[in-house]
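J.: Take a look at this one; I'll ask things after.
The values are calculated or read from the model by the stated rules, or taken from the named source; none is laboratory data. Every value quoted in this text rests on a predicted model; they were computed, and no experiment measured them. Positions of Cβ are generated from backbone atoms using ideal geometry, with glycine treated the same way; all protein chains shown enter the neighbour counts.
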Amino acid sequence: MSSNTRKGCFLFKRSWTTEEIQLVLTILAIFGGILVGFVVRVQEPSEKTIHLIGFPGEIFMNMLKMMILPLIASSLISGLSQLDAKQSGRMSAYAFAYYALTTSVAVLTGIALVLVIHPGDASIKSDKFMSADNEQHVSAFEKFLDLIRNMFPDNIVQASFQQTQTDYVIKLIANNDNTTRESLDVIAKKVDGMNVLGFIVFCIVFGVVIGQVGEKAQVLANFFTALDLVITKIVIIIMWYSPIGIASLIAAKILGILNIVQTAKMLGMYMFTVILGLGVHLFVTIPLIYFAVSRKNPYKFMKGLVQAALTALGTASSAATLPITFHCLEMNNKVDPRITKFVLPVGATINMDGTALYEAVASVFIAQINGIELSFGQVATVSLTATLASIGAASIPSAGLVTMLIVLTAVGLPTSDISLIIAVDWLLDRLRTCVNVLGDGFGCGCVHERCRRDLIDSEPQHIPSIVVNGDGTFEKVTEVV
Ligand code: ASP
């Protein structure tokens, strides 16, 4: 399956690598999905037809999601158990510096563009085809505490399918005069959805400690390394199914959208601002950072990640894309697996440049359609909370829309106005996921450049030597020093 293995393809004179064939199939699948979507749309298909068209895509999403848990556990634990404390410390320092830098630049790019372009005006909100839901109670501070709470799950098995979320309940309190009064109580309840953050924290600690225990825990390290190998092989099988899955997901999405033309007219400038921001971040900011770190061509590096980018476009989930991103980085870009194993799962969970940029633009846009001019302090609050919200967002479709509640509440904007931008989230979500995934990929590239020497120095050296046996025969052996 390596890129060096060239296989004959009877359709063309030249020979194609497996990766090239998969890439071409995926590109064809995207165009095919768009075409099928628009052609079938004209026939006004029934709900059942749309459901059937989306069925192969649903199975594809399930296959990818099924791999997330074993992939995160095996890659983090096997990767970290091979490193010493100094190496993992250096690697995490570089990774977190990269996450912090890129996310803040993404937010600032979004803020600058939305203030200059000013896509929102009050007429958008008054349009009757957009209705607003009821207000929801959320406290930015409580959401922030949830983030920390979820990092330390009380039950690791439960963390694989449930997470903690703060909710408000109305409690009746008895007064001294036998009457009752209502009081708002804050409770932390469990809701469905994998607690990836908690799981990652657990796996990091587990992996690092295995490395420190050494010989006695070697069996555990070997187990997770073998698991990692098996999962990687399964991912390669899934990748052959991905063109069908992606085509189906895209076609079904296009069939499900209501009022394409009307929505585009109302939210065109808003979409333009978000897309421009994502484009600037993806094609200018990140490549510049990569170039500054590595002095290598960033677009060549980006080319190696195209398959992951297309999967992100199809699935709108960086977690579901994770297996493919691993494959692209290790096979196409030759990033050291000890780096991808740590930097990628952590990045996919907390480093979301596209989401941060999107949340900043969307919040200021909501202020604009409400006729509110944000003060400098409020813009600073938007920047800070958009960063936090992107860290807290799960790597699943439309998660950014949910965590935007944090940003809106922090600056006192109506949270119900999120329903105004839902109509275009199917597209913006895919694009920001693509930026999230490529941002993580470049993160691995940057850390690889910084830590490469450190890792090479610590690699065991295999020295070939000749040994003379007792019976006078010679034997060639390799000695590990
Ligand atoms: N869908 C995005 C992701 O998986 C998160 C978001 O909604 O912004 O990366």
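J.: If I filter the stretch 325-332 for residues that are part of a helix (DSSP H, G or I), polar (S, T, N, Q) and under 22 Å from residue 401 (Cα atoms), do I get at least one hit?
T.: No, because not a single residue in the stretch 325-332 is part of a helix (DSSP H, G or I), polar (S, T, N, Q) and under 22 Å from residue 401 (Cα atoms).
J.: So, of the residues in the stretch 338-359 that are at pLDDT below 95 and of a type in the set (Gly, Ala, Ser), which turns out to be nearest to the ligand (Cβ to nearest atom)?
T.: Taking the candidates together, the pick is 348.
J.: Something else about it: Of all residues in the stretch 359-395, count the ones that are of a type outside the set (Val, Ile, Thr), more than 12 Å from the chain's Cα centre (by Cα) and closer than 22 Å to residue 142 by Cα.
T.: Result for the stretch 359-395: 12.
J.: OK, next. Where in the stretch 235-309 are there helices (runs of 4 or more DSSP H), lying wholly inside it, with at least 1 residues that are within 15 Å of residue 429 (Cα to Cα) and within 20 Å of the chain's Cα centre (by Cα)?
T.: Of the helices (runs of 4 or more DSSP H) lying wholly inside the stretch 235-309, those with at least 1 residues that are within 15 Å of residue 429 (Cα to Cα) and within 20 Å of the chain's Cα centre (by Cα) span 260-280.
J.: Restricted to the stretch 155-197, and to residues that are among the small types (Gly, Ala, Ser) and out of contact with any Phe, Trp or Tyr (no Cβ under 6 Å at 6 or more places or on another chain), which residue is farthest from residue 342 (Cα to Cα)?
T.: 174
J.: Moving on to the next point. What pairs can you find where one residue is in the stretch 259-287 and within 21 Å of residue 351 (Cβ to Cβ), the other is of a type in the set (D, E, K, R) and part of a helix (DSSP H, G or I), and their Cβ atoms are less than 7 Å apart, with a gap of 6+ or different chains?
T.: Partner pairs satisfying both residue conditions: 278/432; 281/353.
J.: Being of a type outside the set (A, V, I, L, M) and either without any contact (Cβ under 8 Å) to a residue 40 or more places away in the chain or within 16 Å of the ligand (Cβ to nearest atom) (or both) narrows it down to one of 363, 383, 416, so name that one.
T.: 363
J.: For the stretch 183-217, how many residues meet the condition of being on the phi < 0 side of the Ramachandran plot, within 24 Å of the chain's Cα centre (by Cα) and not in a helix (DSSP H, G or I)?
T.: Count: 5.
J.: Another question about this same structure. Look at the stretch 388-404 and say how many of its residues are within 13 Å of the ligand (Cβ to nearest atom) and in a helix (DSSP H, G or I).
T.: The qualifying residues number 10.
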